[in-house]
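Notes to accompany the following structure.
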Amino acid sequence: RAKQPAHEKQIVSTGFFRQKAKAVLGMAQALVTELNGQVPPDMDALTKLPGVGRKTANVVLGHALGVPGLPVDRHVLRVSNRIGIAEGDDPVKVETQICGALPRKMWTLASDVQILHGRRICRPKPMCQDCSIRDDCDYYEHVVTKESERTSKPKRTPVKAKRRDPRRVRTSAR
């Protein structure tokens, strides 16, 4: 039987390691005692396990069990809102919007792609110049291009400086 301090050492780099260790051990114990060690292939049963929320359940469904799931994390929220395929900051609502727009078989991949895109390109300070979808992106169209239009100053024609008459003598010493 796993002990929490030993497990904490293995996951210390993840942050909140004490709470996560407690949740993982509680979830594992519930799987063994209540579900005969079988991971349930549905959202409701998974989210009843200790420490398992909707995002974790979707990851387990999509990646471990082959059941379509769309985990929504901060990257999916940011990317989906910026490119215009979802609207809002509630993960459940964004999940519903994306799932409604895509075939079921694409849900897991769609989440994975948005997560990677959000980590690499569409960061909080986005690297739009490197983005392959900027031509289809609402954020690029409505924010980035408008900012560049606003901040780009019209070219000014240089004004010729007045030439000083060399015959004129300056009288004050400055």
>> Restricting to segment 130-157, and then to whatever is of a type in the set (S, T, N, Q) and at pLDDT below 95, can you tell me which residue is surrounded by the most Cβ atoms within 10 Å (Cβ to Cβ)?
In response: Thr145
>> Considering only residues that are touching a residue at least 12 places away in the same chain (Cβ under 8 Å), closer than 14 Å to Ile83 by Cβ and not in a loop (DSSP other than H, G, I, E, B), which ones fall in segment 117-138?
In response: His117, Gly118, Cys128, Asp136, Asp138
> Which is touching a residue at least 24 places away in the same chain (Cβ under 8 Å) and either open to solvent by 40 Å² or more (accessible area, probe 1.4 Å) or within 22 Å of Glu141 (Cβ to Cβ) (or both), of Gly100, Gly84?
Replying inline: Gly84
>> Among the residues of segment 1-39, what is the count of those that are closer than 19 Å to Val60 by Cα, of a type in the set (A, V, I, L, M, F, W, C) and part of a helix (DSSP H, G or I)?
In response: 11
> Gly62 is checked against (1) more than 25 Å from Ser111 (Cα to Cα); (2) part of a helix (DSSP H, G or I) and fails just one. What number does that condition carry?
Replying inline: (1)
> Identify, please: which residue in segment 30-64 is among the β-branched types (Val, Ile, Thr) and over 24 Å from Val94 (Cα atoms) and is, among those, farthest from the chain's Cα centre (by Cα)?
Replying inline: Thr33
> Between a first residue in segment 58-76 that is open to solvent by 20 Å² or more (accessible area, probe 1.4 Å) and a second residue that is aromatic (Phe, Trp, Tyr) and outside any loop (DSSP other than H, G, I, E, B), which pairs have beta carbons less than 8 Å apart while being 6 or more apart in sequence or on different chains?
Replying inline: Pro68/Trp107
> Which of the residues belonging to segment 1-22 are open to solvent by less than 80 Å² (accessible area, probe 1.4 Å), within 24 Å of the chain's Cα centre (by Cα) and of a type in the set (A, V, I, L, M, F, W, C)?
Replying inline: Ile11, Val12, Phe17
> Given the structure, is Val79 part of a helix (DSSP H, G or I) and surrounded by 14 or more Cβ atoms within 10 Å (Cβ to Cβ)?
Replying inline: yes
> Which members of segment 103-129 meet the condition of being under 17 Å from the mean Cα position of the chain (by Cα), open to solvent by 90 Å² or more (accessible area, probe 1.4 Å) and farther than 21 Å from Val67 by Cβ?
Replying inline: Arg119, Arg120, Arg123, Pro124, Lys125
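The values are calculated or read from the model by the stated rules, or taken from the named source; none is laboratory data. Just so it is clear, the structure is predicted and the values come from calculations on it, not from any experiment. Note that we place each Cβ from the backbone using ideal geometry, even for glycine, and neighbour counts take in every protein chain shown. Note: areas computed on protein heavy atoms with side chains; ligands, DNA, RNA excluded. Shrake-Rupley method; radii C 1.70, N 1.55, O 1.52, S 1.80 Å.
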